[in-house]
Each structure stands twice: as structure tokens, then as C-alpha cells.
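First comes the structure, then the notes that go with it.
Just so it is clear, none of the values below were taken in a lab; they were calculated from the coordinates. Just so it is clear, the model here is predicted, and its values are computed rather than measured. Ideal geometry is used to build each Cβ from the backbone, glycine not excepted, and the neighbour counts take in all protein chains shown.
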């Protein structure tokens with residue numbers, strides 16, 4: 001970037017303030033041939049919080065992975081306050097916002113769209129971990145220092161050190177090099193070498209132990225492992241599993257070829273996986289205006305490009321099945337087929353953290369990180385702090401892990417961004433009592449706090465579950481990966497959760513952190529769509545929950561409310577076969593549910609179950625409800641129990657509205 005080599009950066013363009021008042025955002029952009037209005041810097045002005053990557057580049061914009069993205073930056077912004085092309089035409093170089101910039105999906109299209117639209121610096125009160133790392137990887141500067149704004153307005157040349165303050169040594173070197181590819185060229189040629197960690201003996205958390213075992217000491221072919229690490233240590237770790245899906249694989253391949261040449265080969269392709277799981281039902285729901293833009297063809301090209309890449313590189317592709325839909329959602333497949341305790345798993349999706357349910361360190365990365373990892377087999381990271389949630393007691397009969405996690409998301413700790421970049425570890429007797437599917441719900445939604453990942457200690461429940469899913473896997477191999485926290489290890493914070501006090505919850509529209517007890521809604525929220533699916537809630541035990549409620553409804557002579565469309569989607573073909581074997585198909589169909597093959601689908605506004613108008617109200621078992629995430633309507637997040645009960649009632653209700661308390665529970 002111009003000026004960085006001299007140690008100073010000067011910004012000559014305009015500043016775009018993403019304000020809480022969207023009318024002010026629109027005023028800065030102008031449009032219709034009128035110039036935009038520059039706002040004066042006012043540190044007291046309310047800025048927009050929780051700007052998700054869905055808002056920066058909505059799902060349909062991600063069918064592009066070239067500079068066309070610049071036209072559609074912020075196209076998903078709330079109140080439609082940004083129109084295509086306005087940011088690029090406006091001459092903005094700096095963008096300023098509030099808390100939690102870049103929350104949500106790991107899509108690297110978001111910072112690329114900003115960069116290609118002319119943005120050189122992102123300033124926000126807090127910056128989400130994956131988004132921030134993606135910015136570093138592509139040379140887009142970031143800062144949380146609002147004191148820079150008046151200095152930029154005064155025309156001051158800003159020392160480049162302002163943008164590396166507080167960064168670890170590797171992140172600092174990447175920013176100084178102008179991006180990850182430039183840094184790795186120097187690294188692989190031996191011109192730079194990551195500083196080895198010299199942390200002394202100390203008790204470590206589970207994730208710290210896994211990182212220490214997988215630490216790359218020097219070059220990419222040297223031995224692995226260091227005795228100890230601590231939060232803040234910067235290093236590269238060798239990944240046991242690397243995966244991507246069709247949304248991201250083509251962009252990562254383009255970066256792979258650009259950085260390493262057209263004939264570059266993936267190292268250890270047997271540990272790399274590709275998934276056709278995001279867009280398999282897109283043709284069922286794509287709006288006519290997007291069809292006219294040729295977006296359906298572009299989406300289909302993504303799948304074709306990924307298929308050709310997988311074939312050329314010899315990697316396993318979980319593809320589309322003949323009747324539509326996919327073999328499995330990537331995160332479901334990671335749990336059922338691939339991940340093992342103690343491993344490092346990286347994927348181009350923020351919900352890669354799901355696999356932490358089996359006791360591995362599993363986290364999402366962007367396209368640039370994956371393109372590098374295909375060749376080097378490693379990814380860079382800063383050792384994160386860990387927050388411990390100690391679960392005790394026994395859940396109520398009408399409470400699921402989703403309610404527990406919504407309660408976590410609703411804490412001030414998460415709302416204030418204090419969990420960003422950390423690991424959420426779930427322990428205690430309450431965690432050990434959970435089934436594997438329910439554990440996976442907790443780890444899946446760790447990223448909704450901005451956390452790097454979630455993890456639960458592997459145990460004999462883990463061994464039995466993996467053996468049931470993957471007959472023939474040596475139990476000794478599973479147990480060999482077990483890790484446990486050392487006595488006296490340091491946690492950034494510790495929270496105690498009495499499961500007996502957890503009640504059915506919902507997250508009101510706009511953010512998963514808008515969590516409230518369902519009773520606070522007063523039973524007055526009518527829904528016209530109910531969606532049971534996504535990587536969060538399409539597992540086998542989720543099917544048990546849906547079936548329990550719908551069976552009770554049928555026994556009462558009730559079916560899905562006539563004003564509600566109820567969609568029920570399986571997470572994998574294994575889950576689908578399980579539901580069929582258990583006799584659930586009959587229950588689901590008699591109750592009036594529409595059954596769908598595996599796909600991310602409605603969760604990313606790419607399949608049946610997504611809203612179609614702003615007036616639609618959806619009660620959904622998905623993991624996030626950012627504006628535009630699952631269509632233009634309002635989305636309430638809830639447990640499988642609540643989603644099924646609300647589909648029957650036609651309004652958002654607790655499970656007890658349909659499902660009676662079990663006799664044994666009442667007696668106890």
C-alpha cells in the first residue's frame with residue numbers, strides 16, 4: 001500500500017461513517033446524480049453495531065469473487081441504505097462503525113469487497129476475529145482507535161506502527177508485508193522465519209495443549225510440537241483436516257494459482273475435503289431480479305469449478321445427490337465422518353467450530369488462509385484465551401442445548417464483545433451428561449459470540465458415538481487424542497450455569513445475542529414460517545425433538561397451523577436414514593412438515609424456508625438472525641422444541657403449549 005514502505009500512511013479520500021441512523025448513511029452516499037454529504041466527526045454520534053458479513057456482502061453477492069464485488073459492498077445493509085455502486089463511486093478510503101464489525105460468516109468476500117471499492121482502513125470499536133484476520137491477509141488496514149479519525153481529517157500522515165499496535169509478531173509481519181501471500185513467499189524462501197515460542201512450563205487448557213502439539217517449529221517440513229504455549233503466542237499450527245465448500249473453493253483456488261502458479265498441487269490431498277452443501281436448492285428460491293443478473297448461472301459455475309478442482313487435486317468431494325440436496329452439510333460430516341479428538345481442523349466456514357464437540361481444536365478461516373494451507377498444511381494463529389462455562393444440574397424436560405447457548409449469548413460478556421477471539425470451553429457434570437448432538441449445538445454457536453471456537457472434553461461418550469457413526473475406527477486411536485485441562489490452568493473468565501434454571505429462550509430479530517426468555521414475548525408473536533434445519537439443528541437428536549412435539553400434536557388432533565409453512569431439513573444422509581428408520585417420516589408428513597434433503601439452504605437465504613417479504617416472521621432453529629441472513633423478514637431463533645411447537649400453534653410458544661411434561665419428570 002502506498003506510503004507503507006516509508007513507515008507512514010496518508011489517506012486522501014473520504015470517511016464513511018456507518019451510523020445507527022441509516023438515513024445519515026444514505027446522505028453521505030448521495031446517489032441519483034447528487035453528491036454525498038460529508039459528516040463532521042462527532043465522537044458522540046451513535047454508530048452502527050454488529051455489522052455482519054451478510055450485510056457487507058449478502059449471500060447472492062458472493063457468487064462473484066472478482067472486483068465485481070466492489071459494486072455490491074454493503075448491499076445487504078439494514079434499511080437498504082446503500083445501493084449498488086455508491087460506495088465505490090463515493091471516493092471513500094476509511095469506513096467507521098461501532099461494536100462487532102464483521103460478525104457472522106467467515107466469507108472473505110466481505111473485506112475484499114471493501115478493499116476493491118476503495119476502502120483502505122476499517123475503524124470500529126471492536127472487530128470480529130475472523131473478519132479482522134481476513135483483512136490482515138489481504139492488506140486491508142484495521143484499527144479500534146477512534147483517535148485516528150481527527151488525525152486523518154487533518155491530513156496527518158499516520159505512522160504504519162499505529163496499525164500494528166497490539167498485534168502478535170506474525171500478524172505484525174503480515175500487515176507490514178501487505179498480506180499473507182506476500183508474507184508466506186518470504187517465509188517459504190527462508191527470508192523470514194516465525195519467532196519460536198519460548199513459553200516456560202505452565203498449566204495449560206485443552207486448546208493450548210492441542211496447539212502446542214501441532215506447533216510448526218520452523219520450516220513447513222520440520223518437526224512439530226513445543227512443550228508449552230500461552231495466550232498471545234504467535235505461531236503456525238499443522239492442520240490435520242482442511243475443508244472448503246462451493247461458496248469459497250473457487251476463490252481460494254484462484255488465490256492458490258495466483259500465489260503459487262497454475263500447476264500448484266495440494267499437499268496431502270487425503271486430508272483435504274470439499275463440500276457441495278450451500279447452494280444445492282438455490283434455484284428453488286432465487287428472486288427473478290437475481291436470475292436476470294445471471295446469478296443462478298454464476299452459482300452453478302461455483303459448483304462446477306469446485307468439482308473440477310477436486311478432481312484435479314484428488315480430494316474427496318461430498319457432492320450433490322441425484323434427488324437434490326447434498327450428501328451432508330460440511331459441519332455434520334466433520335462430526336459424523338472425519339474429525340477426531342485432539343486434532344486441528346480448519347474450514348472456510350465460521351461454523352467449523354462445531355467439531356469442537358469431539359474435543360478437537362476446530363475453527364474457521366478465510367479464502368487466503370485456506371489457499372495457503374493447501375500448500376503449507378498449516379495456518380497461523382495467536383494462541384487464544386479460554387473462557388470456561390461450568391454446567392451443573394439437570395436440564396428441564398422442555399429445555400435443549402440451544403436454550404443454554406442462547407442464554408450464554410445473552411450475557412453482557414458476549415454482548416459487549418468480550419468473547420471475541422476467545423475459546424469457549426464447556427465443562428462440568430452438566431456438559432458430560434449431554435449427548436454428542438447436544439454438545440455440538442453448544443460448540444456450533446460459539447462463533448456467534450465472536451469466539452474462535454468452542455470445545456468440550458472428549459470422553460467415553462465420544463468414543464461410543466464415533467464408533468457408532470464410523471464402525472471400524474480403533475477406539476484406541478480415538479482415546480489417543482484425548483486432552484484435558486491441567487489443574488490450575490488459567491481462564492480469562494469462568495461462568496457457572498445451573499442447567500435446572502435455564503428456561504426456553506428465543507433470540508429476537510437482528511442478532512443471536514438478542515436472547516430473552518420465551519415467556520417475555522407474551523405469546524403474541526405470530527409466525528408464518530417455521531424452519532427446522534441448518535448445521536445447528538438437523539442432527540439425529542434434533543430429529544428426536546421435532547418428532548416428540550409433532551407426535552404429541554397429532555395425538556391431540558393438531559397439525560401444522562394453516563397459516564404456517566413448516567420446513568424440516570436433514571443435516572446428512574445418515575440423519576435422513578436415521579429419521580426414516582425411527583418412523584419419523586410418517587410423523588413429520590402427517591403433521592404437515594415439508595421434508596428437505598441436506599443443504600445449508602434457508603440459513604443463508606439459499607433454499608426453501610427463507611423468508612420472501614419483510615412482513616414474514618420466521619421461527620428458526622438456525623444459528624444466526626442478522627438482517628437479510630435468511631431473507632428479508634424477521635427471524636426469531638429458538639430450539640427444535642420451540643420451532644416445532646410454534647409451527648403447530650401459529651405463534652411463538654414454549655414446548656409446553658403442545659408437549660406435556662413426561663410423567664417420570666413430573667414425578668421426579
*Global size of the chain as Cα Rg and Dmax, reported in angstrom*: 23.9, 76
*Fraction in percent of alpha-carbon pairs per bin - 10 Å, region 384-501*: 13, 43, 33, 10, 1
_Projected label distance in nm at residue 301 and residue 390, using a 7 Å step from Cα toward the beta-carbon_ = 5.6 nm
_region 1-72-region 393-420 distance, computed between alpha-carbon centres (Å)_ = 33 Å
*Rg and Dmax of region 505-665 over Cα atoms: what are they, in angstrom?*
14.3, 44
*asked:* Out of all Cα-Cα pairs in region 1-64, roughly what percent, to the nearest whole number, are more than 17 Å apart?
replied: 61 percent
*Let me see the pair-distance distribution of region 240-361: every alpha carbon pair, 5 Å bin width, integer percents in order.*
2, 11, 19, 21, 19, 14, 9, 4, 1, 0
*Over region 126-240, equivalent-ellipsoid semi-axes from the Cα gyration tensor in Å*: 30, 17, 12
*Compactness relative to 2.2 N^0.38 Å, alpha carbon Rg of region 578-668*: 1.23
*How far is it, in nm, from the label point at residue 585 to the one at residue 480 when both lie 7 Å from their Cα along the line to the Cβ?*
4.0 nm
_Please list, in order, the residues from region 9-35 whose amide nitrogen is less than 12 Å from a point placed 7 Å along the Cα→Cβ vector of residue 42._
19-21, 24-25
*asked:* For a quick size check, give me the Cα extents of region 336-414 along its three principal axes, largest first, whole Å.
replied: 48, 32, 19
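In Å, the Kirkwood hydrodynamic radius of region 557-600 over pairs of distinct alpha carbons?
11.0 Å
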*Please report how far the C-alpha centroid of region 554-595 lies from that of region 456-479, rounded to the nearest whole angstrom.*
30 Å
_Stokes-Einstein D in µm²/s, Kirkwood radius over Cα pairs - region 5-144 at 4 °C with 1.567 mPa s viscosity_ = 87 µm²/s
_FRET efficiency, residue 496 to residue 144 (Cβ-Cβ, R0 41 Å, nearest 0.05)_ = 0.85
*asked:* Given N residues in region 91-182, what is its alpha carbon radius of gyration divided by 2.2 N^0.38 Å?
replied: 1.01
_If I take R0 = 45 Å and measure r between the Cβ atoms of residue 185 and residue 80 in this structure, what FRET efficiency does the formula 1/(1 + (r/R0)^6) give, to the nearest 0.05?_
0.60
_region 597-668 and region 484-544: distance between their alpha carbon centers, rounded to Å_ = 12 Å
*Modelled FRET efficiency - R0 41 Å, residue 544 with residue 151, Cβ distances, 0.05 increments*: 0.10
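Take the Cα pairs of region 161-301, get the Kirkwood Rh, then feed it into Stokes-Einstein at 25 °C and 0.890 mPa s and tell me D in µm²/s. Mind showing how you got there, number by number?
Details: Rh = 18.5 Å.
In µm²/s, the coefficient rounds to 133.
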*Label-point separation in nm, residue 577 to residue 469, each point 7 Å along Cα→Cβ*: 1.5 nm
*Starting from the Cα-Cα distance between residue 416 and residue 125, subtract it from 0.36 nm times their residue separation and give me the gain in nm to one decimal.*
103.7 nm
